[in-house]
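S.K.: I am attaching a structure below and will ask some questions about it afterwards.
The values are calculated or read from the model by the stated rules, or taken from the named source; none is laboratory data. Every value quoted in this text rests on a predicted model; they were computed, and no experiment measured them. Reconstructed Cβ throughout: ideal geometry from the backbone, glycine too, with neighbour counts over all protein chains shown.
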Amino acid sequence: MTTFFILAVLVMVAIAIWQMTKIFELSQIKTVDSQIANDMDNKYNGYLLFVFLIFIYGITIFSFAKYGKMLLPVAASEHGAEYDSLMLVSMAIIFFVQTITQALLHYFGYRYRGQKGQKALFYADNDRLEFIWTIIPVIVLAGLILWGLYTWTSIMDINDDDDPIVVELYAQQFNWTARYAGADNVLGGANVRMIDIDKANILGVDESDSYAMDDIIVKELHLPVGRKVNFKMRSQDVLHSAYMPHFRAQMNCVPGMTTQFSFTPTITTADMRNDPDVKAKVERTNILRAEKAAAGIENSDPWEFDYILLCNKICGKSHYNMQMKIIVEEEEAYNKWLSEQQTFSQTMASVQ
Ligand SMILES: [Cu+2]
């Protein structure tokens with residue numbers, strides 16, 4: 001019965017609005033019904049430009065306030081700080097220019113709106129003005145590009161200085177496997193054609209290569225803090241991308257070739273868990289998770305922060321869940337963990 005009344009009221013309100021619109025239309029019949037904008041129209045549209053300007057500024061401030069906390073915490077790698085400053089300066093310049101140009105654009109739209117009897121001024125060119133608005137972007141952009149290239153070159157300079165650990169990241173739909181180069185710090189040869197599932201040789205490591213014997217294949221990445229790591233990426237099937245956001249690192253994994261990336265972790269997992277930003281994020285997430293758990297939704301256990309390796313190329317239907325945990329720890333703990341893992345020759349022996 002209540003539903004019926006609500007529906008009846010809604011229908012009546014709709015009829016009333018329709019009737020009022022008709023009355024309004026009838027009362028307007030004598031005014032000029034022209035498709036050409038008059039001074040009044042132009043003025044209203046000019047005011048609407050200011051409303052829109054307030055809207056875009058408002059939504060910008062709102063987004064900063066509400067979503068600013070979603071940004072990544074402090075960079076946990078040596079090159080990360082340089083990368084972050086480049087990003088911050090670029091964004092600050094874009095933000096500054098955007099704020100000023102949008103205000104000018106909308107103000108000019110209002111100020112020079114169409115007015116009856118007013119004729120637009122024919123203004124062919126002004127060399128000084130054009131010089132100013134060409135040279136300033138040229139200088140700023142050239143500066144940013146040069147700085148960017150310099151940063152890129154220094155980040156992408158992968159060499160064997162400082163005794164790096166060599167780790168292979170192997171991508172396949174939809175998981176990651178890591179292979180440490182072992183005591184000799186040289187990865188054994190590998191090729192997808194040598195994959196032998198019966199022997200559990202899932203990475204296609206060359207069983208006849210002596211360098212491969214001490215390689216260590218694992219499903220969790222442990223890295224010693226302060227030690228450079230040279231990653232070699234391979235893919236078994238399609239294009240993947242090894243993305244380690246906390247270390248500001250990403251490299252595509254391409255079938256048929258080896259790509260590489262190198263970085264030095266600077267903050268251990270334990271220290272990162274104590275970072276105020278990370279702590280706040282974990283708290284916020286766990287409040288949501290507790291609510292879900294109370295509602296009986298599965299997989300809502302409290303979350304603990306961990307570094308993570310993700311896939312950043314849409315590689316198939318389970319792409320979203322292609323990830324591997326990364327643990328950064330003191331060299332001692334890392335060495336202990338590594339010594340507890342089986343080498344390639346040990347796993348081969350146990351299967352045969
Ligand atoms: Cu992938």
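S.K.: Mind checking which residues of segment 114-153 are within 30 Å of Ala249 (Cβ to Cβ), surrounded by 11 or more Cβ atoms within 10 Å (Cβ to Cβ) and not β-branched (Val, Ile, Thr)?
M.R.: Leu141, Gly143, Leu144, Trp147, Gly148, Tyr150, Trp152 - these are the residues of segment 114-153 that are within 30 Å of Ala249 (Cβ to Cβ), surrounded by 11 or more Cβ atoms within 10 Å (Cβ to Cβ) and not β-branched (Val, Ile, Thr).
S.K.: Only residues that are under 25 Å from Gly46 (Cβ atoms) and of a type in the set (Val, Ile, Thr): list them for segment 61-111, please.
M.R.: Once the filter is applied, which keeps residues that are under 25 Å from Gly46 (Cβ atoms) and of a type in the set (Val, Ile, Thr), segment 61-111 yields Ile61, Val97, Thr99, Ile100, Thr101.
Conditions (1) in contact (Cβ under 8 Å) with a residue 24 or more places away in the chain; (2) away from the ligand (no atom under 16 Å from the Cβ); (3) among the aliphatic types (A, V, I, L, M), marked per residue:
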residue: Ser90; (1), (2), (3): yes, yes, no
residue: Phe96; (1), (2), (3): no, yes, no
residue: Ala103; (1), (2), (3): yes, yes, yes
residue: Tyr123; (1), (2), (3): no, yes, no
residue: Thr134; (1), (2), (3): no, yes, no
residue: Ile165; (1), (2), (3): yes, yes, yes
residue: Thr177; (1), (2), (3): yes, no, no
residue: Asn185; (1), (2), (3): no, yes, no
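S.K.: Assess whether Leu121 counts as being part of a loop (DSSP other than H, G, I, E, B) and touching a His at 6+ places or on another chain (Cβ under 8 Å).
M.R.: It is false that Leu121 is part of a loop (DSSP other than H, G, I, E, B) and touching a His at 6+ places or on another chain (Cβ under 8 Å).
S.K.: Evaluate the following for Asp237: is it among the charged types (D, E, K, R) and within 21 Å of Gln342 (Cα to Cα)?
M.R.: no
S.K.: Out of the residues in segment 223-259 that are within 16 Å of the ligand (Cβ to nearest atom) and charged (D, E, K, R), state the one that is farthest from the chain's Cα centre (by Cα).
M.R.: In this case the residue turns out to be Asp237.
S.K.: Does Arg284 satisfy the condition of being among the charged types (D, E, K, R), touching a Phe, Trp or Tyr at 6+ places or on another chain (Cβ under 7 Å) and more than 16 Å from the ligand (Cβ to nearest atom)?
M.R.: Spelling it out, it is not the case that Arg284 is among the charged types (D, E, K, R), touching a Phe, Trp or Tyr at 6+ places or on another chain (Cβ under 7 Å) and more than 16 Å from the ligand (Cβ to nearest atom).
S.K.: Same structure again: Consider Leu309 carefully, then state whether it is within 16 Å of the ligand (Cβ to nearest atom), surrounded by 15 or more Cβ atoms within 10 Å (Cβ to Cβ), in contact (Cβ under 8 Å) with a residue 60 or more places away in the chain and not in a loop (DSSP other than H, G, I, E, B).
M.R.: Numbers: within 16 Å of the ligand (Cβ to nearest atom): yes; surrounded by 15 or more Cβ atoms within 10 Å (Cβ to Cβ): yes; in contact (Cβ under 8 Å) with a residue 60 or more places away in the chain: yes; not in a loop (DSSP other than H, G, I, E, B): yes.
For Leu309, the condition - within 16 Å of the ligand (Cβ to nearest atom), surrounded by 15 or more Cβ atoms within 10 Å (Cβ to Cβ), in contact (Cβ under 8 Å) with a residue 60 or more places away in the chain and not in a loop (DSSP other than H, G, I, E, B) - is met.
S.K.: Go through Asn185, Asn191 for me and flag whichever is closer than 20 Å to Lys336 by Cβ and at pLDDT below 90.
M.R.: On the way: Asn191 fails: closer than 20 Å to Lys336 by Cβ.
Sole residue among the options that is closer than 20 Å to Lys336 by Cβ and at pLDDT below 90: Asn185.
S.K.: Also, quick follow-up: Would you point out the residue of segment 319-338, among those that are under 20 Å from Tyr180 (Cβ atoms) and within 14 Å of the ligand (Cβ to nearest atom), that is surrounded by the most Cβ atoms within 10 Å (Cβ to Cβ)?
M.R.: In this case the residue turns out to be Met324.
S.K.: State which residue is farthest from Glu220 (Cα to Cα) when the search covers only segment 288-306 and only residues that are of a type in the set (Asp, Glu) and assigned to a loop (DSSP other than H, G, I, E, B).
M.R.: Filtering first and then ranking leaves Glu298.
S.K.: Please tell me if Gly316 is in a loop (DSSP other than H, G, I, E, B) and within 16 Å of the ligand (Cβ to nearest atom).
M.R.: Here the answer is yes, as Gly316 does meet what is asked.
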